[in-house]
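*Asks:* For reference, the structure I am asking about is given below.
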Amino acid sequence: MNLVRALPPHPTLIRSPRDRRVDLITNQYSFHILPPFKIYIYSLEFFPDVDLNNKSLMRRIVRDSRSTINLFLHKFIHCGMCFFSLNNLEMPPELSPDPALYDFCQNILTVNSIINEKEYGIRIQKAGTIDFKDFGTMNEATLMFFNLLLKEKLKSLGLIQLGNDRHLYDPNNTKTLQRYPVTVWPGYFASVNIARSGLQITLDCAFKLVREDNVLDVIQEISKKQNNNPREIIKNTLNGSLIVTSYGNQALYRIIDVLFEESPASTFPKGNDEISYTDYFCTRYQIDIKVRNQPLLLAKISKNAVPVKLIPELCKLAGADSLDSSPQFRKELALTTTLRPDQRKSKIQSIADRLEALPPDDWKIQYSRQPIITRGLMLEKPIIRLGEGTVRVNDNGSFKLTNKILRNAASIEKWMLFYPERDVEVAKSLTAGLREASHGCGILINNPLAIPITGKLTEENLVNSLFTNVKPNAQLIVTLIPRSFTKLYEKIKVLLTKERPIPSQVVLIETAKRDDYSIYSKILTQMATKIGSGQWSIAVPRNIPPLTMVVGIDVCHDTSLTKIGSVLGFSSSVDANFTKYYNRIAFHDGIQEISTVLAPIFRDALKEFYKYNKKQKPECIILYRDGVGISQYSQVVNIEIPQLVNSIRDFDRNWSPSIMAVIVNKRINQRFFLENNGVLSNPSPGVVIEDEVVVPHYNFYMISHSVTAGTVTPTHYNVIVNDSQVPCKALYELTYGLCHTYYNWQGAIRVPAPCMFAHKIAYLVGKYTKADFDTKLALTFFYL
């Protein structure tokens, strides 16, 4: 199936003379294909059968047979179970380079090779063609071919690939940070995609962080610090981590286990014999393993790959998760990796220039060095509605609510404040500061029932005090804790979401000691939001039906969730102003993104909307689904959306609301630059890109937020289901407006608030509580 054609087409773009548009420089480049315009695709059959996940063995078989295959196909590109070539394998016998290898009746080429004293063969047969003169025939195979060719071109420029990492890195320009044992590898993202105006290349900058010390150093450091059960700590620390091997092609792996029962002296089969890892590395790479009693690492080069065993001494941890998280480290790292628009554009342009300068070859592809220019639609800044009056969003996407009467100003009458006895003055200052902040925003707050934590200050003592003293009729529990009690947050949330289901607010003593009015104001707003509804709203766009339900769905895949699986977060609006939400979670088995357990959640969400709106059902349901890639779009359409449809039918068979499903993708590499008098900058929030560089179906890019450093990353929205009559501009305006209703931030964020609510609730459960919350909390923002 050609997925692009199966998705809804983009509605006709209606230009209005009132629209404000800006010219934007993109990081996308066109390229041209010279005659002949045809590429042949060949299917491969390995014999004896090779595991489809054993890509390294496939590549080796092909590599050993390449000289023979070249006689027939000349130049070809190998990818998995297929070849791409300019040559047509079908030929008369008199033109065959070796008639003994080619079956002229079935048009099959058979080649053989010996790998580790075992004979393998490949049957090669024509499977199709790609005709570049017909744009309509281009599909996933076209993209695969062009991306493989682009990768070969970049490698010819001296860039290398680390295992299955999609980026390519420059090994000659690495940089070691001055005060930290970390090396930064600069690199590039490069990908070919089918856009509305034709085939285009997206180029962007990338970085890989690699520690200078090896994994064995990390293991030994943990062992020194941990007297009790260091092996469990080592496994918990390393499992899920990325590592780079320091030999051969420096492949990138992910650790799945630490094998303490094995060592470099362990053996593995090689041909008809057994060989130890020590002897193998000495013979194959001339490496002498120094520590003989270290464990082995079990790791995978990709999700479905065959696991391999690696030597910790020969591996280095990679990626930001393995590094120092201190503000000082992040600040120094940002000097190298956070690029201003002009810096990023310069680096992108340098690789585009080098690609364009490559000499022509058999594939006859000409790359352009001129970036594509597109036009962006500037949306009006949303109006923020409060209890009294409105405020305007400023040019950087933020707004101020100081001394403003909030929309759903709550009465916080029965709340409890738990604090360490020694910090009684901090507790008094916090109470006074909250009451002072309440005067200007319309929130009524009484003095709390204050409970000092007596005795020795321990996490156990604090939790016991909560368990013993929490009143079941309390609206809210506020807890003052020191920053050093890192595990206490988790215990508080477990207690107050399951055993004592009451919304809670944790305040750090260090934060409260700052005695800052703006901090008190934000804490008070959070408190009021947690027990009620959102404290501000947006003006709903004119063409959005009055009874519209918006839904956000996201999934948390925290690596510590091996026992309970992934956690899906669900948040759906129940009021017409999108300020009150119904929240649920569901557990998935394993690391699973697509959900099969949504039906009862959808059904309960519809009931809540119906009850809140006095027995009125939603006319339109707009679902924002975060966290899925293009390969999973069809699964969302075929698995998740039918659960919503069935829930609607179960609720009322005569009711048929319109449905729009939108995939929200933050992890993209498209960038847009605004040029003014030769100076590049980030576009202002509110820009929508809907032309030239977007893919052919209904989709758009949006820049909804601003950044204080570096280059802003847009968000990509793909409409995968649409039977509504909502105009595309109304969808843009609604999406942009909802980016301003995340109640922990007085400004715009990267995604619509329902997505962020779903993410926050899934993260809370996945990271901390590891259990479902009491349904009494379902209509509150307890997770903010």
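*Asks:* Hand me the GluC sites (Glu not before Pro) from the stretch 257-313 located in a DSSP loop with no more than 14 other Cβ atoms within 10 Å, in residue order please.
*Replies:* Glu261
*Asks:* Taking every pair of alpha-carbon atoms in the stretch 38-131, what share in percent sits in each 10 Å bin, from 0 to the bin with the longest distance?
*Replies:* For the stretch 38-131, the binned pair fractions read 16, 52, 28, 4, 0 percent.
*Asks:* Among bridges DSSP assigns within the chain, what percent are antiparallel (round to 5)?
*Replies:* Working: 121 of 150 bridges.
Among the beta bridges of the chain, antiparallel pairing accounts for roughly 80 percent.
*Asks:* Under the Karplus relation 6.51 cos²θ - 1.76 cosθ + 1.60, θ = phi - 60°, what is the ordered set of whole-Hz ³J(HN,Hα) values for the stretch 291-300, x standing for Gly and Pro?
*Replies:* Running phi through 6.51 cos²θ - 1.76 cosθ + 1.60 with θ = phi - 60° gives 9, 8, 9, 7, x, 9, 9, 9, 9, 10 Hz.
*Asks:* Name the shape class, rounded, prolate or oblate, that the alpha-carbon gyration tensor gives for the stretch 497-621, where a ≥ b ≥ c are the square roots of its eigenvalues, rounded holds for a/c under 1.5, and otherwise prolate holds if a/b is larger than b/c and oblate otherwise.
*Replies:* It is oblate, given that a/c is not under 1.5 and a/b is not larger than b/c.
*Asks:* Can you work out the PRE-style zone for Thr468? Point 7 Å along Cα to Cβ, and I want the residues of the stretch 396-425 with backbone N under 17 Å.
*Replies:* Backbone N within reach: 417-422.
*Asks:* Along each of its three principal axes, how wide is the spread of alpha-carbon positions in the stretch 368-422, in whole angstrom units, largest first?
*Replies:* Reported extents, whole Å, longest axis first: 68, 35, 15.
*Asks:* Take every Cα pair under 8 Å in the stretch 213-336 that's 6+ residues apart, average their separations, divide by the length, and report that relative contact order as a whole percent. Each step should come with its number before you reach the end.
*Replies:* On the way: 177 pairs, mean separation 35.5, N = 124.
Relative contact order, the stretch 213-336: 29 percent.
*Asks:* Quick one: compute the contact order of the stretch 80-199, relative version, from alpha carbon pairs under 8 angstrom and 6+ residues apart, as a percent.
*Replies:* That works out to 13 percent.
*Asks:* Where nothing but the Cβ of Lys and Arg (+1) and of Asp and Glu (-1) is charged, how large is the charge dipole of the chain around its Cα centre, in debye to the nearest 20?
*Replies:* My answer is approximately 2200 debye.
*Asks:* On to the next question. What whole-number distance in Å separates the alpha-carbon centres of the stretch 597-669 and the stretch 697-758?
*Replies:* After rounding, the separation between the Cα centres reads 18 Å.
*Asks:* Follow-up. Helix-derived [θ] at 222 nm for the chain: sum -39500 (n - 2.57) over DSSP H runs of at least 4, divide by residue count, nearest 500?
*Replies:* Taken over the chain, the calculation gives -7500 deg cm²/dmol.
*Asks:* Could you state the number of Å between the C-alpha centres of the stretch 257-283 and the stretch 10-83?
*Replies:* So the two Cα centres are separated by 37 Å.
*Asks:* Where the centroid of each part is defined by its Cα atoms, how far is the stretch 403-462 from the stretch 670-689 in Å?
*Replies:* So the two Cα centres are separated by 44 Å.
*Asks:* From the square roots a ≥ b ≥ c of the eigenvalues of the alpha-carbon gyration tensor of the stretch 94-148, which class results: rounded (a/c under 1.5), prolate (a/b over b/c), or oblate? Each step should come with its number before you reach the end.
*Replies:* Working: a/c = 3.46, a/b = 1.65, b/c = 2.10.
Verdict is oblate for the stretch 94-148.
*Asks:* How large is ³J(HN,Hα) for each residue in the stretch 173-182, as worked out from phi by the Karplus curve 6.51 cos²θ - 1.76 cosθ + 1.60 (θ = phi - 60°), to whole Hz, x for Gly and Pro?
*Replies:* Taking θ as phi minus 60°, the curve returns 10, 5, 9, 9, 5, 5, 9, 9, x, 9 Hz for the stretch 173-182.
*Asks:* With a cut-off of at most 14 other beta carbons within 10 Å, and DSSP calling the residue loop, which trypsin sites (Lys or Arg not before Pro) in the stretch 740-784 qualify? Please list them.
*Replies:* none
*Asks:* Say R0 is 56 Å: what FRET efficiency, to the nearest 0.05, do Lys522 and Asp19 get from their beta-carbon distance? Intermediate values should be presented prior to the final figure.
*Replies:* Values: r = 36 Å, r/R0 = 0.64.
Rounded to the nearest 0.05, the efficiency is 0.95.
*Asks:* Using amide H atoms built 1.01 Å from N in the peptide plane, name the residues 5+ places from Ser96, or on other chains, whose amide H lies under 5 Å from its own.
*Replies:* Residues meeting the criterion, in which the H sits 1.01 Å from N, do not exist here.
*Asks:* What share of all Cα pairs of the stretch 409-531, in percent, falls into each consecutive 5 Å distance bin?
*Replies:* Percent of Cα pairs in each bin: 2, 12, 24, 25, 21, 12, 4, 0.
*Asks:* Could you tell me the ratio Rg/Rh of the stretch 7-63? Both radii from Cα atoms, Rh via Kirkwood.
*Replies:* Taking Rg over the Kirkwood Rh, I get 1.28.
*Asks:* Now, a different point. For the residues Thr486, Thr336, Thr708, what sequence is obtained by ranking on other C-beta atoms within 10 Å, fewest first?
*Replies:* Thr708, Thr486, Thr336
*Asks:* While we're here: Taking amide hydrogens as modeled 1.01 Å from N in the peptide plane, which residues meet the under 5 Å criterion relative to Ile256, leaving out close sequence neighbours?
*Replies:* Gly240, Leu298, Ala299, Lys300
*Asks:* So how strong a dipole does the stretch 409-531 carry about its Cα centre when Lys and Arg Cβ are +1 and Asp and Glu Cβ are -1, to the nearest 20 debye?
*Replies:* 240
*Asks:* Could you derive backbone 3J(HN,Hα) for the stretch 440-446 from the dihedral phi with the Karplus parameters 6.51, -1.76 and 1.60 (θ = phi - 60°), listing whole Hz in sequence and x where the residue is Gly or Pro?
*Replies:* Result, ordered by residue: x, 10, x, 7, 9, 9, 7 Hz.
*Asks:* Here's a follow-up. Mind checking the dipole of the stretch 213-336: about its Cα centre, +1 per Lys or Arg Cβ, -1 per Asp or Glu Cβ, Debye to the nearest 20?
*Replies:* 280
*Asks:* How many nm is it between the label spots at Asn116 and His74, if each spot is 7 Å from the Cα in line with the beta carbon?
*Replies:* With each label placed 7 Å out from Cα toward Cβ, I get 3.7 nm.
*Asks:* Add +1 for every Lys or Arg and -1 for every Asp or Glu among the other residues with Cβ under 15 Å from the Cβ of Tyr42, and state the total.
*Replies:* Result for the local shell: +2.
*Asks:* The chain: Rg/Rh from Cα coordinates, Kirkwood Rh?
*Replies:* On the way: Rg = 29.5 Å, Rh = 29.8 Å.
Rounded to two decimals, Rg/Rh equals 0.99.
*Asks:* List the trypsin sites (Lys or Arg not before Pro) within the stretch 467-504 that fall in a DSSP loop (any state other than H, G, I, E or B) and whose Cβ has at most 12 other Cβ atoms within 10 Å. Numbers along the way, then the final one.
*Replies:* Details: sites: Arg483, Lys487, Lys491, Lys493, Lys498; in loops: Arg483, Lys487.
Taking the stretch 467-504 and a limit of 12 other Cβ atoms within 10 Å, the loop trypsin sites (Lys or Arg not before Pro) found are Arg483, Lys487.
*Asks:* Place +1 on the Cβ of every Lys and Arg and -1 on the Cβ of every Asp and Glu in the chain, take the dipole about the Cα centre, and give the residue among Leu71, Ile502, Ser656 whose Cα lies farthest towards its positive end.
*Replies:* Ile502
*Asks:* Tell me the relative contact order for the chain as a rounded percent, counting alpha carbon contacts under 8 Å between residues six or more apart.
*Replies:* Once normalised by length, the contact order is 14 percent.
*Asks:* Using modelled backbone amide H atoms (1.01 Å from N, in-plane), which distant-in-sequence or interchain residues come within less than 5 Å of Phe189's amide H?
*Replies:* Asp204, Cys205, Ala206
*Asks:* Also, quick follow-up: From the convex hull of the Cα coordinates of the stretch 654-712, what is the mean projected area in square nanometres?
*Replies:* Mean orientational projected area (the stretch 654-712, Cα hull): 6.3 nm².
A short reminder: the numbers here are calculations on the coordinates, not readings from a lab. These numbers come from a predicted model, not from an experiment. Quick reminder, even Gly has a Cβ in these numbers, built from the backbone with ideal geometry, and neighbours come from all protein chains shown.
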